[in-house]
Amino acid sequence: MTPTATAPTTAGSPGAADGAHLAARAEHLSKAYGVGEATVTALDDVSVGLDRGRFTAIMGPSGSGKSTLLHLLAGLDRPSSGTVHLGDTEITSLRDKALTILRRDRIGFIFQSFNLLPTMTAAENIVLPMRIAGRRPDPHWVASIVETIGLTDRLGHRPSELSGGQQQRVAAARALASRPDIVFADEPTGALDSRSGTELLKFLRSAVDDLGQTVVMVTHDPGAACYADRVIFLADGHVVDEMSEPSAEGVLDHMKRLGG
Ligand SMILES: Nc1ncnc2c1ncn2[C@@H]1O[C@H](COP(=O)(O)OP(=O)(O)OP(=O)(O)O)[C@@H](O)[C@H]1O
Ligand SMILES: [Mg+2]
């Protein structure tokens, strides 16, 4: 493991010329919350490219801007300046309605809390966003997700009849059901015990390796980050470092240097 040099301001060199292999890219992205003296700069001139068909982890100390970056990349929030492209689409200039549709059709999001509908079964939860959108789920695709995630015998259960780990796997299957261009996950293992967390991470890994998906995950856990192909480190709203083929030891070492 050879850590890259410290303090590059860009990660993944998201130049326009080589953008074809990128599922998404941020250019000079900044986000400030509040006004006047109360302004908090959550993200400060971040440029990052996210490779298609790869698993990227985002790490950094609490408050470093990880969730803010994920929300901006996923079109859940608007930047103060800078742009986000999803493939060839600049999502930052879309109107609200177009952005909502793009998010629904092309982006999956897994939250720390599972956000399942309690009155519906696992199977119904998985395809609900597509049903709301009036789209017909591809049964083969959904079946392959359900099989990969090991939920086949739980599909008729309601969330209250499932463990936290099983509920999060249902949420992950829901995020993948529309075969999105990219799946974002904000601390998806944060509420899980370590065994359930490992199962979810293995699923995200096989979603990339076996199903060809693109996954971007925020995590505090160096062990979780090791499931990724690449780790991007944030500190104080900046990209400060990155690492390919991460090892837990290497990630821990970086985190220590960042004070996280
Ligand atoms: N809606 C908001 N209003 C005001 N400030 C915010 C808001 N959301 C985030 N911030 C601030 O922006 C900074 C970055 O927050 P963010 O949630 O992106 O950090 P994070 O890296 O995800 O942290 P954690 O690891 O604790 O989840 C923090 O200083 C935070 O307090
Ligand atoms: Mg966060």
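Return the whole-Å distance between the Cα centroid of the range 131-173 and the Cα centroid of the range 17-80. If you average the Cα positions of each part, the centres end up 29 Å apart.
In this structure the amide hydrogen of M217, modeled in the peptide plane, comes within under 5 Å of the amide hydrogens of T56, A57, I58, A185, none closer than 5 places in sequence on its chain. Per residue, the convex hull around the alpha carbon atoms of the range 67-188 comes to 108 Å³.
Considering all C-alpha pairs of the range 121-176, those separated by over 17 Å amount to 27%. Enumerate the amide H contacts of V240 below 5 Å, restricted to partners 5 or more residues apart or on another chain; note that Pro and chain-start residues carry no placed amide H. Under 5 Å from the amide H of V240: F233, L234, A235.
Where the accessible area of the chain is counted over protein heavy atoms with a 1.4 Å probe, how much of it, in %, is carbon and sulfur? Exposed carbon and sulfur together represent 51 percent of the surface. Annotation: per residue accessible area for the range 108-241 equals 41 Å², rounded to a whole number [probe 1.4 Å, protein chains only]. For the chain, the Cβ-based charge dipole about the Cα centre amounts to some 840 debye (Lys, Arg positive; Asp, Glu negative; other atoms uncharged).
Derived scalar couplings between HN and Hα for the range 138-152 equal 6, x, 5, 5, 4, 4, 5, 5, 4, 5, 4, 8, x, 10, 3 Hz in order, rounded to whole Hz, by the Karplus curve 6.51 cos²θ - 1.76 cosθ + 1.60 (θ = phi - 60°), x for Gly and Pro. Over the chain, the Kirkwood radius and the radius of gyration, each from Cα atoms, give a ratio Rg/Rh of 0.96. Were the residues from A32 through E90 laid out at 0.36 nm apart, the gain over their Cα-Cα distance would be 18.9 nm.
DSSP beta bridges confined to the chain are antiparallel in about 55 percent of cases. Annotation: amide H of G108 within the under-5 Å range of I182, V183, F184, sequence separation 5 or more or interchain, hydrogens built in the peptide plane.
The calculated FRET efficiency for R158 paired with S244, based on their beta-carbon distance and R0 = 51 Å, is about 0.75. Computed from phi, the 3J(HN,Hα) profile of the range 179-190 under the Karplus parametrisation 6.51, -1.76, 1.60 (θ = phi - 60°) reads 6, x, 5, 7, 10, 9, 9, 9, 6, x, 9, x Hz, with x in place of Gly and Pro.
Taking every protein chain into account, the 1.4 Å probe leaves F184 with about 0 Å² of accessible area, to the nearest ten. The phi torsions of the range 76-82, fed into the Karplus equation with coefficients 6.51, -1.76 and 1.60 and a -60° offset, translate into couplings of 8, 8, 9, x, 6, 7, x Hz, rounded to whole numbers, with Gly and Pro shown as x.
The values are calculated or read from the model by the stated rules, or taken from the named source; none is laboratory data. Keep in mind that this is a model prediction, so the values were computed, not measured. Glycine gets a Cβ as well: all are built from the backbone with ideal geometry, and neighbour counts include every protein chain shown. Side chains included, ligands, DNA and RNA excluded: accessible areas come from the protein's heavy atoms. Shrake-Rupley method; radii C 1.70, N 1.55, O 1.52, S 1.80 Å.
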